[in-house]
Amino acid sequence: MQYSTILGIESSCDDTAAAVLKEGKILANITAGQEVHSEYGGVVPELASRAHQSNILPVVQVALDQAHIGLKDINAIAYTQGPGLLGSLHVGSNFAKGLSMGLGLPLIGVNHLQAHVAALYINRSPLFPILCLLVSGGHTQLLLVEDYMHMRIVGSTLDDAAGEAFDKGAKLLGLPYPGGPLIEKHAKNGDDTRFPFPESNVPDFNYSFSGIKTNLLYFLKKHSDQGDFISENLSDICASYQRSIIAALMNKTAKAILQYKPASLGLTGGVSANLTLRSEMEKLASKHHIPSVIPPFEYCTDNAAMIAQAGFYLLQTGQTTPLSAVPYSRSKY
Ligand code: KG4
Ligand code: ZN
């Protein structure tokens, strides 16, 4: 493969990120988060767009500085074209287009979900086909990845994504957004068998998480007259709730291994930062004598290294994007 220096830009939701991929190696991976949403219990699209506008230039500059390169050293610009929040996507897209025009460089529009899968290839060459569980705030999918940028969905959530289940559950418990890391933190000291929340029963390799969240809601309502019930039992509630989400994810993944017989098992997306989920996936892979491919934390949640990595494969096959291309809010595959 021909090597090149690619600037990656990600702005699909509430993280403004830039990364530099040079000769197959990530030299910089910078992400600016947005604290502003925590008090609202979720991402406020208008506030996200405004924060991207302020963050994008400094984030790109820091990435270039950390990689010890200048604009003249870049060969191509990869950016998230979708899916995501349109206002947020426009900031990254327009920035990438401006640079592409100014520097006369190829532009590569990247699908954010394919980029989460491309995080599996950063600094390694996994064995294909990979059965990959993609779990983020907006998506929960089981994918059969046949080659670097070729994949098909074998299962999907019918309602909430796993990350949403964590975030909405956290909101019910009075925890700020994003709730996933906080549920994990409290769950560490809890008994995960104390409050069993039943799993939803959906066919095939699909998922459903809205029922688990509703179970939590009714459970909390039932105990609402008991004063400090939540704060006194927070660890056990978080551990039990986390256990039911992870059990649902693992059961379908285990079933899909038997059907698709993959050469390796992948885990990616923001929820894959969860240590219990990571360890369950590792155990499942070793039970089936296949390697697990789980990116380091910095490549799990939204980041631009995965955008640059996906851009690299698209560039190799000549899949550049015209300046007339527009961002899209819903996934195209
Ligand atoms: O991939 P990501 O950064 O953004 C999207 O593309 O959605 O995923 C964000 C999601 C949020 O729902 C967040 O609560 C969840 O990932 N998350 C976690 C953990 N860290 C982030 N969920 C559970 N445990 C974690 N440690
Ligand atoms: Zn994401």
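The values are calculated or read from the model by the stated rules, or taken from the named source; none is laboratory data. For clarity, every value in this text was computed on a predicted model and none was experimentally measured. Counting neighbours? That spans all protein chains shown, and the Cβs are built from the backbone with ideal geometry, glycine included. Keep in mind that these areas ignore ligands, DNA and RNA; they rest on the heavy atoms of the full protein, side chains included. Shrake-Rupley method; radii C 1.70, N 1.55, O 1.52, S 1.80 Å.
Here is how the numbers come out for the structure above:
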| quantity | calculated |
| --- | --- |
| Relative packing of 122-128, 51-57, 184-190, 238-244, which averages over residues the other C-beta atoms within 10 Å, highest first | 238-244, 51-57, 184-190, 122-128 |
| Efficiency of FRET between H150 and S38 - r from beta-carbon atoms, R0 45 angstrom, step 0.05 | 0.75 |
| Sum of side-chain charges, P291 neighbourhood, beta-carbon under 12 Å (Lys, Arg +1; Asp, Glu -1) | 0 |
| Between the range 5-23 and the range 229-258, the Cα center-to-center distance that results, in Å | 32 Å |
| Dipole of the range 52-187, positive end: most advanced residue of L71, G92, S156 [Cβ charges, Cα centre] | L71 |
| Packing rank of 100-106, 275-281, 82-88, where each peptide gets the mean count of other beta carbons within 10 Å, highest leading | 82-88, 275-281, 100-106 |
| DSSP bridge orientation in the chain - percent antiparallel, rounded to nearest 5 | 60 percent |
| Amide N of the range 1-32 lying under 19 Å from the label point, which is placed 7 angstrom from the Cα of D73 along Cα→Cβ | 3-9, 18-31 |
| Label-point separation, D204 to S324 (7 Å along Cα→Cβ), nm | 3.6 nm |
| Accessible surface of the chain [probe 1.4 Å, protein heavy atoms]: carbon and sulfur percent | 53 percent |
| GNM flexibility winner over the chain from A32, A18, A304 (Cα, springs under 10 Å) | A32 |
| A247 paired with F128, simple spin-label distance in nm, labels 7 Å along Cα-to-beta-carbon | 3.7 nm |
| Exceeding the 19 Å Cα-Cα cut-off - candidates K255/K283; K252/K283; K221/K252; K168/K221 | K221/K252 |
| Segments 221-227, 43-49 sorted - mean Cβ within 10 Å per residue, highest first | 43-49, 221-227 |
| Sites N94 and D191, calculated FRET efficiency, Cβ-Cβ separation with R0 41 Å, nearest 0.05 | 0.25 |
| Lysines whose Cα lies under 19 Å from that of K25, excluding same-chain neighbours fewer than 8 positions away | K72 |
| Estimated distance in nm for a label pair at T276 and V62, the labels positioned 7 Å out from Cα along Cα-to-Cβ | 3.2 nm |
| Centre separation in Å (Cα based) which lies between the range 149-176 and the range 56-112 | 28 Å |
| Sites E232 and Q316 - FRET efficiency at Förster radius 41 Å, r taken between beta-carbons, to 0.05 | 0.15 |
